[in-house]
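The structure appears right after this line, and notes come after that.
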Amino acid sequence: MSLLFDAEVSREDFRGRRVTIVGLGKGRTASGLARFLVSCGASVTITDAKPREQLAEGIGRLGDTPVKLVLGPSSDDAALADPEFVFVINGVRPRSATILRALQRQIPVLTEIGLFFRLCPATIVGVTGTKGKTTTTTLIGQILSRGKRRVIVGGNIGRAIIQELDTITKDDIVVLELSSFQLETLAHSPHVAVVTNIGEDHLDHHGTRENYIAAKRNIVAWQGANDIAVLNLDDPTTMAIHTGAPSMVRGFSLSLHPRHGGFLDPDGRLVLTDGDRRTPIIAASELRVPGRHNVANALAAAIVGDVFDISSEAIGAELRAFEGVARRLETVAESEGVLWVNDSASTTPDATIKALDAFERPAVVILGGVGKGADFTELARVATKRARAAVLIGAAADEIAGALESVGAASTGLVVERARTLEDAVSASRRLAKPGDVVLLSPACASFDMFSSADERGDRFSALVRSFTEAVVP
């Protein structure tokens with residue numbers, strides 16, 4: 001049974017029709033989609049198996065949108081009572097019983113992002129990756145805004161992109177951050193597809209790493225010969241997903257020198273290349289965001305700018321000005337010689353490894369949350385080399401502690417402490433840190449055991465730090 005949700009539909013097909021949205025969650029996608037469908041003349045029902053009291057944020061986002069809510073355990077049966085179309089929201093398993101029954105009954109099943117791809121008249125740039133996609137998407141949006149075409153940024157960031165559809169024209173450029181959840185059922189690929197890297201994430205949803213990689217592959221799988229794939233040449237998995245795709249590759253690398261794409265030269269400069277043309281953009285030392293992974297992100301964004309004929313001077317100016325994205329290696333404060341950094345968005349071990357590698361300073365790192373089936377062994381090895389102390393919180397604390405023990409963390413002198421709350425973790429970190437250290441909230445885990453989102457977790461960390469430090473003045 002196909003799980004590519006790509007019914008042939010137009011806006012008019014929803015007029016006067018019964019549409020069920022499966023999943024409300026925090027409501028950003030569901031509320032935006034509901035508003036769009038109502039504007040098309042549809043009668044909309046939203047179902048979610050969670051009780052009303054756990055869905056306050058999502059219900060609040062709906063505002064006065066005229067929809068019917070069917071919530072709680074019985075919603076599964078109600079979801080298929082009489083719909084003519086079913087939409088599944090990001091994070092709802094496409095192989096869930098509800099969705100499979102809808103497909104068996106030949107009810108068209110769609111997604112918000114799939115519908116957007118089908119109806120959008122503009123050129124689409126899509127960005128995915130295990131880490132770096134938000135930073136790269138944001139930076140691409142800023143670089144392309146230096147050109148003459150209007151640029152709209154959305155997808156997995158900002159509000160539901162379907163809400164922008166009425167104002168988008170064929171002359172615009174849409175830059176979309178695309179998660180594995182959005183990609184796994186997508187039967188379209190963007191004109192320009194950017195893949196920052198492919199590690200391991202969301203195994204609790206996808207089941208296996210192979211399924212996760214297969215989801216990511218859809219960003220290039222449907223490209224044609226005139227489309228472009230901007231790929232990380234230093235990541236074999238990223239390159240492997242392009243196998244069999246006819247699109248043109250523009251690669252980026254910190255060690256190789258591709259003929260078409262961008263690279264870091266021996267003098268530490270970011271260089272764009274197209275055949276015999278080589279154009280230095282800026283020195284990596286001029287970037288304001290730390291870490292070699294952000295050099296790679298900047299190269300990817302610069303290549304996209306070059307694809308759309310943005311001048312090298314304009315690309316360089318945007319790279320120099322870019323201060324990063326909130327909660328991604330975000331400097332909160334520096335006090336008494338200790339740098340406090342909010343990296344709450346790092347929800348995988350690989351992302352936290354990159355965060356630890358981004359600083360020359362010894363680290364006190366706050367780890368833990370919901371592990372999502374990840375393996376913490378390599379993170380434990382890196383922590384024993386790069387960190388002074390690890391403060392563990394949340395549901396995965398025991399698992400991380402076990403990984404640290406298995407690599408002999410105690411014998412290396414790494415201090416490991418437990419904290420019941422984030423407040424306790426910040427207090428412990430303040431006590432453990434020495435002048436010249438960095439205290440790094442980079443949990444390597446999702447937040448849902450203690451917070452509604454990684455954003456909430458990061459914002460709470462920043463508020464706690466600012467309560468006893470002076471904020472760094474840019």
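Read-outs: derived from the displayed coordinates by stated rules, not from any lab. Quick caveat: nothing in here was measured; it's all calculated off a predicted structure. Virtual Cβ from ideal backbone geometry, glycine too; neighbours counted across all protein chains shown.
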Review point. Toward the positive end of the charge dipole of region 119-321, about the Cα centre and with charges on Cβ (Lys, Arg +1; Asp, Glu -1), which of Leu233, Ile152, Pro280 goes farthest?
Key: Pro280
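Report for the chain the percent antiparallel among DSSP-assigned beta bridges with both residues inside it, nearest 5.
25 percent
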Practice item. Would you mind classifying region 336-390 by shape? Square roots of the alpha carbon gyration tensor eigenvalues, ordered a ≥ b ≥ c; an a/c under 1.5 is rounded, otherwise it is prolate if a/b is larger than b/c and oblate if not. Key: prolate
Review point. Amide H to amide H under 5 Å from Ile21: which residues, 5+ apart in sequence or cross-chain, H placed 1.01 Å off N in plane?
Key: Thr45, Ile46, Thr47, Phe87
Point to revise | Whole-Hz ³J(HN,Hα) from phi, Karplus 6.51 cos²θ - 1.76 cosθ + 1.60, for region 237-242, glycine and proline x | key: 5, 4, 5, 5, 5, 7
Review point. Toward the positive end of the charge dipole of region 11-110, about the Cα centre and with charges on Cβ (Lys, Arg +1; Asp, Glu -1), which of Val92, Gly41, Gln54 goes farthest?
Key: Val92
Point to revise | Peptide ranges 378-389, 415-426, 175-186 listed from the most packed, as the mean C-beta count within 10 angstrom indicates | key: 175-186, 378-389, 415-426
Study note, to complete from the structure: Interchain or sequence-distant (5+) residues whose placed amide H lies within less than 5 Å of the amide H of Ile282 are Leu270
Study note, to complete from the structure: Along region 44-58, Karplus-curve 3J(HN,Hα) (6.51, -1.76, 1.60; θ = phi - 60°) to the nearest Hz, with x for Gly and Pro, reads 10, 10, 10, 10, 7, 6, 6, x, 3, 5, 8, 10, 4, 5, x
Review point. Roughly how many debye, to the nearest 20, is the charge dipole of region 330-466 about its Cα centre, given +1 on each Lys and Arg Cβ, -1 on each Asp and Glu Cβ, and no other charges?
Key: 340 debye
Study note, to complete from the structure: Taking the chain, the whole-percent share of alpha-carbon pairs separated by over 39 angstrom is 24 percent
Practice item. Largest first and in whole Å, give the semi-axes of region 330-466's equivalent ellipsoid, each being the square root of 5 times a Cα gyration tensor eigenvalue. Key: 19, 18, 13
Point to revise | Cα gyration tensor category, rounded, prolate or oblate, for region 119-321 with a/c compared to 1.5 | key: oblate
Review point. Using the alpha-carbon centroid of each, what span in Å lies between region 251-282 and region 386-428?
Key: 40 Å
Point to revise | Overall form of region 11-110 per C-alpha gyration tensor (a/c, 1.5; a/b vs b/c) | key: oblate
Review point. Tell me, what HN-Hα J-couplings in whole Hz come from the Karplus equation 6.51 cos²θ - 1.76 cosθ + 1.60 at θ = phi - 60° for each residue of region 394-402, using x for Gly and Pro?
Key: x, 5, 8, 4, 5, 5, 5, 4, x
Study note, to complete from the structure: One would report the antiparallel percent of DSSP beta bridges in region 330-466, rounded to the nearest 5, as 25 percent
Revision key, fill the gap. Expected sort for 148-158, 41-51 on mean C-beta neighbours within 10 Å, highest first, is 41-51, 148-158
Exercise for review: Assign unit charges at the C-beta atoms only (+1 for Lys and Arg, -1 for Asp and Glu), then state the dipole size of the chain relative to its Cα centre in Debye, rounded to the nearest 20.
Suggested key: 280 debye
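How large is the dipole of region 141-226 about the Cα centre if only Lys and Arg carry +1 and Asp and Glu carry -1, each at its Cβ, rounded to the nearest 20 debye? Could the numbers behind the result be given before it?
Details: 9 positive and 10 negative charges, 92 e Å.
Value, rounded to 20: 440 debye.
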